[in-house]
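Please treat every number below as a calculation from the coordinates, not as lab data. Given the structure is predicted, the values throughout are model-derived calculations rather than measurements. Please note: Cβ atoms are built from the backbone with ideal geometry, for glycine as well, and neighbour counts cover all protein chains shown.
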Amino acid sequence: MNELSETNLQLRSLVKSSGQLEISVQAVLTQPPKADEVVIRIQASPINPSDLGILLGSLEIDNFRQSDVAGQPQITADISPSILAALTGRHDQSMPVGNEGAGEVIAAGDSEAAQALLGKTVAGMGGGMYCQYRTLNVSQCLVLNEGTTARQGAACFINPLTSLGMVETMKIQGQAALIHTAAASNLGQMLQKICLADGIPLINIVRKPEQGKILREIGATYVCNSRADSFAFDLKKAISETGAYIAFDATGGGELANDILVAMEAAASEHMKTYSRYGSNQHKQVYLYGGLQRSPTILKRNYGMQWSVGGWLLTPFLQRSGADRVAQLRQRVLDELTTTFASNYNREISLSDILSLDTLKEYSQQSTGHKFLVNPSLGN
Ligand SMILES: NC(=O)c1ccc[n+]([C@@H]2O[C@H](COP(=O)([O-])OP(=O)(O)OC[C@H]3O[C@@H](n4cnc5c(N)ncnc54)[C@H](OP(=O)(O)O)[C@@H]3O)[C@@H](O)[C@H]2O)c1
């Protein structure tokens, strides 16, 4: 623990029951490692959409203000009564932010497993990763292959395992092709590469032609633009060709899930010899696995009765899969970290940069090619 002081800096987000959000960098106690724990000097941690949810409390960014409190920068915002009510579970708790990250192990507990990680570059998932030093159990760490940097390993849990989890879920449900929305995301590009390698037809839905170009350059066959006049026709044609009756929708809100179900039913109806007012016998499944579109989900139910829409989340999927299967998936991620599972970052910022209003406007965009990496070891 020689390089460690008793406290270190951590980014925290607080929703006050009185109706304000406060984001600040605070000195927190550095937890000395127990027998099976290690202390990681965090060097890289991505800002993913799920991190933004905790960080910004689902607020519109035009409401944010930057201020100084006792010489320390802080971001504040007023919270409307309806959003405040939805955030009751986190009222008056200062919450650490950052789901995953990577860095060097600089201290370790007494156990053999912990000592084996000393000096290694590891990735970790444990929450509260936007901090200088994070103490984690060895089971929450993944030792990166020799030569892999913290930047390359920063996002090696959530998006890689989620994209693999989609393919696993598809197979468990007896399907052989799938549909994905917001498909040029970091995660979407991983999914496209997995599907290419594993010979699985994938229909990518994007909303801009340039996103289609990104996907075609990595080998995509099917790309449908949801804003094109021909979208309904293109999607139905792609479903007819691939047999994709399971979809993963990152947008969550609006009519996209509905449009997918309509196109699935149109493709399935081609095989019907007689009309049924209950629709086709083909089961159609859409999983809402993200909330990029905040408006309510609109389902018009004009696709018979054999359909379902549900949520999908990585953690329960991993729990259901069992330790052996998860270990295999993790190993694939490690082996293909700089190819299939490579993430792209637009900028690398320090903890205090997170509190700059101009920077906040950029990293909260959630648009293609705008992912930021937090490096708490940069000057704060
Ligand atoms: N359920 C889970 O367990 C789980 C796990 C991991 C990730 N996720 C979800 O996976 C998604 C992708 O994550 P990521 O880190 O790969 O994202 P990312 O790289 O930051 O990319 C976000 C993508 O979403 C698109 N987008 C943003 N708002 C949109 C909207 N309203 N409608 C349509 N497209 C929109 C952007 O396209 P533009 O350029 O058009 O803005 C961009 O391509 C997120 O929704 C995240 O929450 C869920």
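The charge dipole of segment 230-269, taken about the Cα centre with unit charges on the Cβ atoms of Lys, Arg (+1) and Asp, Glu (-1), comes to about 100 debye, rounded to the nearest 20. Here segment 32-174 is treated as a Stokes sphere of Kirkwood radius computed over C-alpha pairs; at 20 °C and 1.002 mPa s its diffusion coefficient rounds to 124 µm²/s. Quick one: how many lysine pairs does the chain have with C-alpha atoms less than 24 Å apart and a gap of 8 or more or different chains? Give me the count, please. Qualifying lysine pairs in the chain: 27.
Loop-located trypsin sites (Lys or Arg not before Pro) in segment 179-233 (DSSP state not H, G, I, E or B) with no more than 10 neighbouring Cβ atoms inside 10 Å: 227. For residue 44, the residues whose modelled amide H falls within less than 5 Å of its own, excluding neighbours fewer than 5 places apart on the same chain, are 102. Once the Cα atoms are used to define both axes, helix 231-242 deviates from the longest principal axis of the chain by about 90 degrees. Entry note, the chain: the mean residue ellipticity at 222 nm calculated from DSSP H runs of n ≥ 4, each adding -39500 (n - 2.57), is -8500 deg cm²/dmol after division by the residues and rounding to the nearest 500.
In the chain, the ratio of gyration radius to Kirkwood radius, Rg to Rh, stands at 1.00 when only Cα atoms are counted. Between the amide H of residue 177 and those of 245, distances stay under 5 Å, these residues lying 5 or more places away or on another chain, with hydrogens modeled in the peptide plane.
Across segment 158-318, the mean sequence separation of Cα contacts (distance under 8 Å, 6 or more residues apart), normalised by length, yields a relative contact order of 21 percent. For the chain, modelled as a GNM whose springs connect Cα atoms under 10 angstrom apart, the maximal fluctuation among 274, 339, 181 occurs at 274. Largest GNM mean-square fluctuation across 116, 150, 85, computed for the chain with C-alpha springs under 10 Å, falls on 85. Here the alpha carbons of segment 158-318 define both size measures, Rg and Dmax, at 14.7, 45 Å.
For residue 108, nonlocal amide neighbours, meaning residues 5 or more places apart or on other chains whose placed amide H falls under 5 Å from its own, are 39. Centroid-to-centroid, using Cα positions, segment 204-270 and segment 329-380 are 28 Å apart. Computed extension gain for residue 69 through residue 315, at 0.36 nm per residue and net of the alpha carbon distance, reaches 84.8 nm.
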